[in-house]
Amino acid sequence: MDSIDKIELTYLSLDDHANIVALMEDEYRHLDDSSWTYEEFSALLNKFPRGQVGIKINGSLAGFALSIIVDYSKFDDSHTYKEITGNYTFDTHDDEGDTLYGIDVFISQKYRGLRLGRRLYEFRQELCEELNLKGIMFGGRLPNYKEHSNELTPKEYIAKVRAREIYDPVLNFQLSNDFYVKRVLKNYLEGDVESCEYASLLAWDNIYYSKPSKKPMSQKTVIRLGLIQWQVRPFKNIDEVLEQAEYFVDAVSNYRSDFALFPEFFNAPLMATFNHLGEAEAIRELAKFTPKFKDEFSRLAIAYNINIITGSMPELRDGHLYNVGFVCKRDGLVEKYAKMHVTPDEKKVWGLKGSDELKVIDTDCGKIGVLICYDSEFPELGRILANYGMKILFVPFLTDTQNCFSRVKICAQARAVENECYVAIAGCVGNLPQVENMDIQYAQSAVFTPCDFAFPPDGIKAESTPNTEMILVVDVDLELLKELHNVGSVTNLKDRRTDIYEIQLKKP
């Protein structure tokens with residue numbers, strides 16, 4: 001597979017038709033007239049442009065999903081593909097309908113394994129919620145049924161697929177993405193020899209559906225955070241660390257988290273290999289792994305459709321050692337942040353140097369900021385980030401004792417109140433007797449909020465169990481911040497006396 005520089009979800013246009021036809025040529029050779037004609041594709045775009053989306057990798061189309069809205073009361077559960085599409089005219093599309101109906105989903109074989117199909121289905125689910133529709137339905141092919149048709153009925157085949165006794169690439173995927181089978185459809189898709197023209201009627205229910213009474217949400221406001229409280233333990237090599245990291249990314253992405261936050265220096269166990277060296281030399285050896293960590297986390301962000309905040313790791317630059325981390329976005333872009341304030345111990349033992357870099361980072365969930373551990377204890381930094389629109393502040397940390405942890409926790413809570421934002425902190429737990437200057441760790445990961453009526457009275461949205469390896473999954477609502485900024489019982493940001501003081505970077 002070619003290297004991936006950028007991956008993006010985009011609405012389709014007529015210019016994409018030729019690429020769609022080219023993608024489908026090999027996949028559906030067993031079907032007659034399987035490719036979309038220009039007239040059919042044009043009709044879909046004209047009737048429901050928001051329902052036609054594609055995934056592009058490095059600017060080239062890698063997959064797509066097509067859909068319409070129907071009034072499902074006009075059909076029954078034994079319809080065919082031709083009926084639901086109005087004989088391929090899509091005249092059945094109804095802007096006032098109640099169900100999002102999937103017409104087609106396709107991922108290029110070249111890019112399978114990156115969970116692009118999952119990303120398309122999550123888009124459909126979010127679109128369904130945004131448009132306040134009852135749910136999603138479609139007929140799912142059974143491409144392996146022909147091999148079992150002599151001994152199994154379609155109903156028995158589906159039951160065995162559900163029980164994981166038979167693998168079906170389409171149905172297994174749908175079931176793993178929260179869809180369920182309503183019934184078997186006979187003669188669903190003409191010419192589908194592999195499925196013997198059977199299909200499973202799959203459905204997904206929108207639990208947020210309510211009878212339309214207001215405009216649907218125009219943008220996502222509830223953001224799900226996945227915090228990883230990492231147990232330090234001996235690792236033989238970098239591959240073992242990455243395997244453990246992927247395990248946690250997989251875990252939080254299964255809950256459809258938008259962010260995964262790792263702790264500061266979570267990869268420090270790799271320094272045990274260099275324990276025969278001095279502390280300063282050992283951490284510089286650790287810095288040699290940083291490029292691979294960045295590349296692998298970027299790959300995981302794409303594959304699991306999640307924005308990953310990589311905690312921190314050492315980086316050698318122009319002969320100086322810095323403490324840096326990366327925001328690996330699910331669209332393939334990567335941005336770096338760095339620690340500005342180093343502790344006296346970090347300076348004395350490791351020779352760490354403070355960075356001059358501070359910036360707000362744009363994501364598909366809004367503007368975020370990252371302050372590594374000690375940086376969170378300097379209120380100026382949080383205020384500068386808030387001035388540039390930061391709504392969620394992430395603090396990866398590493399603390400050895402409870403009093404050290406308390407400084408981070410108390411200051412993080414203060415940042416949430418004074419900047420009217422959410423603050424998420426995540427740290428390491430456990431002991432590393434084989435790594436000098438990293439002997440013990442103490443942590444309790446948490447998400448903090450402002451203290452007002454829309455938030456918990458103590459400003460603690462959620463906390464992990466102290467000193468236990470675990471994940472913490474938390475939802476935060478950006479709309480509540482917007483209300484707080486304008487009509488809160490106190491409005492810290494609005495009430496600043498900028499006529500008599502200000503905080504700003506000397507270097508823009």
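Just so it is clear, none of the values below were taken in a lab; they were calculated from the coordinates. The model shown is predicted, which means the values in this text are computed figures rather than measured ones. Cβ placement follows ideal geometry from the backbone for every residue including glycine, while neighbour counts extend to all protein chains displayed.
Worth pointing out:
- Rotationally averaged projected area of the stretch 352-414 (alpha carbon convex hull; nm²): 4.8 nm²
- In range of the label at TYR501: residues from the stretch 410-441 whose backbone nitrogen is under 20 Å from the point 7 Å along Cα→Cβ: 411-421
- Taking the Cα centre of the stretch 222-487 as reference, the dipole from Cβ charges on Lys and Arg (+1) and Asp and Glu (-1) amounts to some 260 debye.
- Here the peptides 439-446, 394-401 are ranked by packing, the mean other Cβ count within 10 Å, and the order with the highest first is 394-401, 439-446.
- Distance from the stretch 30-87 to the stretch 434-508 (C-alpha centre basis), Å: 44 Å
- Highest to lowest packing among 360-373, 447-460, scored as the average C-beta count within 10 Å: 360-373, 447-460
- Helix 238-253 vs. the chain, principal-axis angle (Cα, 0 to 90°, nearest 10): 60 degrees
- Helix 402-419 and the long axis of the chain differ in direction by around 60°, with both axes built from C-alpha atoms.
- Computed [θ] at 222 nm, helices only, for the chain once each DSSP H run of length n ≥ 4 contributes -39500 (n - 2.57): -8000 deg cm²/dmol
- Taking Lys and Arg as +1 and Asp and Glu as -1, the other residues whose beta-carbon sits under 14 Å from that of GLU126 total +2.
- Among ASN46, LEU201, THR89 the positive-end extreme of the charge dipole of the stretch 7-205 (Cβ point charges): LEU201
- Each of GLU197, GLU264, GLU165, GLU357 was scored by other Cβ atoms within 10 Å of its Cβ. Arranged with the fewest first, they read GLU165, GLU357, GLU197, GLU264.
- From the Kirkwood radius over Cα pairs of the stretch 173-258, Stokes-Einstein at 25 °C and 0.890 mPa s returns a whole-number translational diffusion coefficient of 137 µm²/s.
- Label-point separation in nm, LYS292 to ALA163, each point 7 Å along Cα→Cβ: 4.4 nm
- Student exercise, the chain dipole from Lys, Arg, Asp, Glu Cβ charges, in Debye to nearest 20: 1060 debye
- Global geometry of the stretch 222-487, whether rounded, prolate or oblate, following the gyration tensor of its Cα atoms and the 1.5 cut on a/c: prolate
- Entries in LYS336/LYS507; LYS236/LYS336; LYS82/LYS182; LYS211/LYS391 that, when Cα-Cα distance is taken, lie over 22 Å: LYS236/LYS336; LYS211/LYS391
- Figure legend: label point modelled 7 angstrom from the Cα of HIS485 along Cα→Cβ; residues of the stretch 348-364 with amide N under 20 Å from it are 359-364.
- Principal-axis analysis of the Cα atoms of the chain puts helix 17-27 at an angle of about 80° to the longest axis.
- Net lengthening on full extension, ALA18/ILE238 (0.36 nm per residue, minus Cα-Cα): 74.9 nm
- Top positive-direction residue, dipole computed over the chain with Cβ charges, set LEU133, LEU300, SER376: SER376
- Pairs from LYS409/LYS506; LYS288/LYS348; LYS6/LYS353; LYS339/LYS506; LYS339/LYS494 whose Cα-Cα separation, in the structure shown, is over 26 Å: LYS409/LYS506; LYS6/LYS353; LYS339/LYS494
- Cα gyration tensor shape for the stretch 7-205, rounded if a/c is under 1.5, else prolate or oblate: rounded
- A P(r) calculated from all alpha carbon pairs of the stretch 392-446, with 5 Å bins opening at zero, reads 5, 21, 28, 19, 13, 7, 5, 2, 0 percent.
- Positive-end residue of LEU472, LEU142, CYS421, charge dipole of the chain with Cβ unit charges: CYS421
- Magnitude of the charge dipole for the stretch 7-205, about its Cα centre and with charges confined to Cβ atoms of Lys, Arg (+1) and Asp, Glu (-1), is about 720 debye.
- Label-to-label distance, nm, for residues given as ASP439 and ARG183 (7 Å Cα→Cβ offset): 7.1 nm
- The orientation-averaged projection of the convex hull spanning the C-alpha atoms of the chain amounts to 27.2 square nanometres.
- LYS110-PHE378 pseudo-label distance in nm [points 7 Å out on the Cα-to-Cβ vector]: 4.6 nm
- Going from the fewest other Cβ atoms within 10 Å to the most, the residues ILE103, ILE283 appear in the order ILE103, ILE283.
- Taking every DSSP beta bridge that has both ends in the chain, the antiparallel portion is near 75%.
- Counting every other Cβ atom within 10 Å of each residue's Cβ, GLU83, GLU25, GLU420 order from fewest to most as GLU25, GLU83, GLU420.
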